1. Could you identify the single residue in B:L317, B:L293 that is on the phi < 0 side of the Ramachandran plot, surrounded by fewer than 24 Cβ atoms within 10 Å (Cβ to Cβ) and in a helix (DSSP H, G or I)?
2. Just give me the residues in the range B:12-29 being exposed (fewer than 14 other Cβ atoms within 10 Å of the Cβ) and among the aromatic types (F, W, Y), in sequence order.
3. Filter the range A:72-123 down to the residues that are within 17 Å of A:L16 (Cα to Cα), surrounded by 24 or more Cβ atoms within 10 Å (Cβ to Cβ) and not aliphatic (A, V, I, L, M) and list them by number.
4. For B:G190, indicate whether it is surrounded by fewer than 20 Cβ atoms within 10 Å (Cβ to Cβ) and within 8 Å of another protein chain (Cβ to nearest Cβ).
5. Out of all the residues in the range B:457-489, which are crowded, with 16+ Cβ neighbours inside 10 Å and either of a type in the set (K, R) or at pLDDT below 90 (or both)?
6. With the range A:281-395 as the region, which helices (runs of 4 or more DSSP H) entirely inside it contain at least 1 residues that are away from chain B (no Cβ under 14 Å)?
7. What do you reckon, is B:L200 surrounded by fewer than 20 Cβ atoms within 10 Å (Cβ to Cβ), of a type in the set (A, V, I, L, M), more than 10 Å from every other protein chain (Cβ to nearest Cβ) and closer than 22 Å to B:A270 by Cα?
8. Which condition breaks for A:C87 when tested against (1) hydrophobic (A, V, I, L, M, F, W, C); (2) over 18 Å from A:L26 (Cβ atoms); (3) part of a helix (DSSP H, G or I)?
Amino acid sequence: MLNADDLLALGPLLALLAATVLTLLLVAVRRSHGLAAGTAAVGLLACLALLPGAARLAPRDVDGLLLLDPAGLFYLGLISLAALATCLMAYAYLERFDGRREEFYVLLLAATLGAGSVVLSDHFAAFFLGLELMSVSLFALIAYPAARQRPLEAGIKYLILAGLSSALLAFGIALIYYDSGSLQFSGFGACFGARPMGATGQAWLLLAGNALLLAGLGFKLSLVPFHLWAPDVYEGAPAPAAGFLATVSKGAIAAMLVRYAGETQLHDQPAMIVLLELAAILSIAAGNLLALLQDNLKRLLAYSSIAHLGYLLVAVIAGGTLGAEAVAYYLLAYFAMNLGAFGVIAALSSGRRDGEGEADRLEDYRGLFWHKPLLAGILTVNLLSLAGIPLTIGFIGKFYLFASGVGAARWLLVAALVAGSIVGLFYYLRVVIVLFARQPAAPAPGIAGNGAAWASALTLSFLALTLVWLGLYPEPAMELIRSVHAPFYRTEVSRLRLRPPPLRPSLRM
Amino acid sequence: MILLAIVALPLLAGILAWGAERFGPAAPRWLAAAALAADAALVLWLWVWPAPGTGSWVAEAIMPWMPRFGIAFHLAADGLSLLMLLLSALLGVAAVACSWTEIRERVGFFHFCLLWSLAGAMGVFLAMDLFLFFFFWEAMLVPMYFLIAIWGHERRHYAAIKFFLFTQGSGLLMLVSIVVLAIAHYRATGLLSFDYFDLLGGVFPPDVGFWLMLGFFLAFAVKLPVVPFHTWLADAHTEAPTAGSVILAGVLLKTGAYGLLRFTVPLFPAAALAFAPVAMALGVVGILYGALLAFGQHDLKRLVAYTSVSHMGFVLLGIFAWNAQALNGAVIQMLAHGLSTGALFVLVGALQERTGTRDLGHLGGLWAAAPRLSAWGLFLAVAALGLPGLGNFVGEFLVLLGTFQRYSPFAVAAALGLVGAAAYALIMVQRAFHGENRQGWQLADCNGRETAIMVALAAGIVGIGVFPQPLLATAGLALSGLQRLVGAS
């Protein structure tokens, strides 16, 4: 049974849920772009406002399905902020959109709710439910301009691959359940850790289950070799949706992976770590090398995000408190810089008509600095941050990754990180050079003259300021991340958990 | 706090200069020049009235920055830092002055980049926290990258990316070394710190120390540059606008030498000692190969760029010989090279502005057309070849003297570089200024602004050449402090 404290602890998620329903109802009553966007924004703000109250009650185990711990709430806050930024940028982007605009926000809120349950889940049922909610909403978001060919194509590609990855996940979860008899992360974690891998036939099933699970998550994270969908989907999706896809959906899965690895002591399983290591190195190599060949900014960002998820895996593999903190900080940086980069694309694309596609070719950006200095300056800061140059948050994030990799003595991964960063410079700088080229292209239509442009400009400026501020003075964010990862919480949770772990199923053979 | 002001002043002035563009192109120029002159005055003030401190340190500022990792915003200056700061500020003024008519587009942003790059270099000379050092080290690159990529010559994009990749790539290796060093220190003592003074005297297994030392050495060797990591330099110097070349040669190369002097050897004395023969051999190769390459160039700017490779070889030699004379010589060489090469780039820039070419095949016979400009050229050429009485001679002589005491074969080989220097310096004078004026050049001679830059830089070169004692005294205190650090461990 839920009690009042549970409700308070669940407040942020309930706020998201209420906002989703409310927006849906409002759309049915009265179509108004501003009203829908405003309701969504207020709902997200309400979720953020309820977070401190929930944090006071954390860590809290809700019915064995969700574990509301400080780290999970931190990620929920991050996701809500990203959704808020997407919401504001989409408001400017969709202002000139010919079709119906209001449902975008319903889908956005639903996807955010799904992502929120993923990061807070402690049980495969909650995880899978959240994941599906997120994936289905994302599929619709990607194909939102359904009258156009490329978004539709991208949406269908994402649908098929999301379905495939869900199937892999479901099968993996089934195998894990068969072997451990539990769907709760911590419940089978104990049995996972107790037996050395490969000792019995059942352990092989557990191994296979985990491998399938990682493959399914790999699809969502677009890790090599499950990355093939990412460039096409990014290219086809409308820019705000692509930014949301790159940040929230990947970030939620990555946060869940960290929790899963911690709860199940994944680090004691060398086979799993080798798989992750392989995925990390391949993602860094393939993402960076393929990004070199791109002439389309969205495809370039897609490959760069493949590489960045590879970097992030370094901290996941390193593990420990420092590893978890590194993931949190890097995700914070990754969210800010990708939202900013896609936001600039969205701002430049908002005036485009159906046939033109989005402003995503590198040619569209030639000499941008000389006629749109604000947008070009913001994009430059974002690109430098993606490249990991000091004065930006990306550098501090990379420093965290280095520290965690070195601390865990993962030399191969650190070497990959260095090599990947050097290759990365090439393609980020190529874009920067184009921005500052002397022959400006014909000024693109876009942000100017759009009544809602202020929302986008405000959000982008705020993101860029955050990028630089947390690059210069990262202490506040570091302190927050450190406090939510304080190691004492796990013991408290185990004392709180009153319910005995469920019994093994009787279908053992 | 004065140290903070020294770094903050150019940063602030940079932002103001960018904004001041609306008041006409002269406003950013005057603002930048005034800020750098004020910066130089601050440094001089610190030199004359040092804060009462301990040992060789004249001023210090420390603030918490990222306590999570034991990182502090820690600046400190000793004589070595002061000399480098002074050089940076003075060359900065020269760089602003020499681009007065060359840069006509986007003047505000140009001066913003110039000032921020210099501020980064000044931060490098002051940072006593390894993380902060790396922060400044990378921060000075980005504005320099823009200087080359936006205001450079024909192949500027190629040169800018190459410059950035070389320095940033090697910098990442240094970052890994810094992190490993801090974590090794944490494991040994339980104290996580990136502070220079905490990390000094760390004891590692020899192989760990060696790899860490190599990480640091590579970053600084690329910057210095040491053969075979010198290939970015010729492109970057050649394609950069004049001010960029002056700052690159005069200040940014010095950060590499400073890093070797301040960090590589004191942090890893044993590994550095074992590595000294290799490093010195690389130094000698740089001296001779740089001179050879310079001799073979047709492009005047490229020629000057390669002389830097040769001159900085002496600095590398002096640092790894690690005795009082050689170290003093290395510091004097850094200062003298900064002034003389900076002035040479100003001169080449002035020639290019007038003639539109840097090709020695097209120049020639300029003496009759522009006698004063050509005379300055001759003066700088003999300064570069190490004429006694001028600064470079003192530096090279002291380096050779110090090196000879411990590694005489290297000193003998390096001395051959002086012959090479004479060859390239004289061929430059001959082909650019002497001979027949086949192209019929009609040039305006030095104007007042250019004469003022030349007089100021030449006064410095002569001053170092005839009366180096104040510099030796200032640097000597700092250098003997470094030597004590190494000797103690």
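1. Selected residue: B:L293, the only one of B:L317, B:L293 that is on the phi < 0 side of the Ramachandran plot, surrounded by fewer than 24 Cβ atoms within 10 Å (Cβ to Cβ) and in a helix (DSSP H, G or I).
2. Correct list: B:F23 only.
3. The answer is A:G72, A:Y75, A:S80, A:T86, A:C87, A:F104, A:Y105, A:T112, A:G114, A:G116, A:S117, A:S121.
4. Numbers: surrounded by fewer than 20 Cβ atoms within 10 Å (Cβ to Cβ): yes; within 8 Å of another protein chain (Cβ to nearest Cβ): no.
For B:G190, the condition - surrounded by fewer than 20 Cβ atoms within 10 Å (Cβ to Cβ) and within 8 Å of another protein chain (Cβ to nearest Cβ) - is not met.
5. B:T474, B:A475, B:G476, B:L477, B:A478, B:L479, B:S480, B:G481, B:L482, B:Q483, B:L485, B:V486 - these are the residues of the range B:457-489 that are crowded, with 16+ Cβ neighbours inside 10 Å and either of a type in the set (K, R) or at pLDDT below 90 (or both).
6. Numbers: elements: A:297-318, A:320-349, A:368-371, A:373-387.
In the range A:281-395, the matching helices (runs of 4 or more DSSP H) lie at A:297-318, A:320-349, A:373-387.
7. Numbers: surrounded by fewer than 20 Cβ atoms within 10 Å (Cβ to Cβ): yes; of a type in the set (A, V, I, L, M): yes; more than 10 Å from every other protein chain (Cβ to nearest Cβ): yes; closer than 22 Å to B:A270 by Cα: yes.
Answer is yes for this residue.
8. (2)
The values are calculated or read from the model by the stated rules, or taken from the named source; none is laboratory data. As the structure is a computational prediction, the values presented were derived from the model and not from experiment. Reconstructed Cβ throughout: ideal geometry from the backbone, glycine too, with neighbour counts over all protein chains shown.
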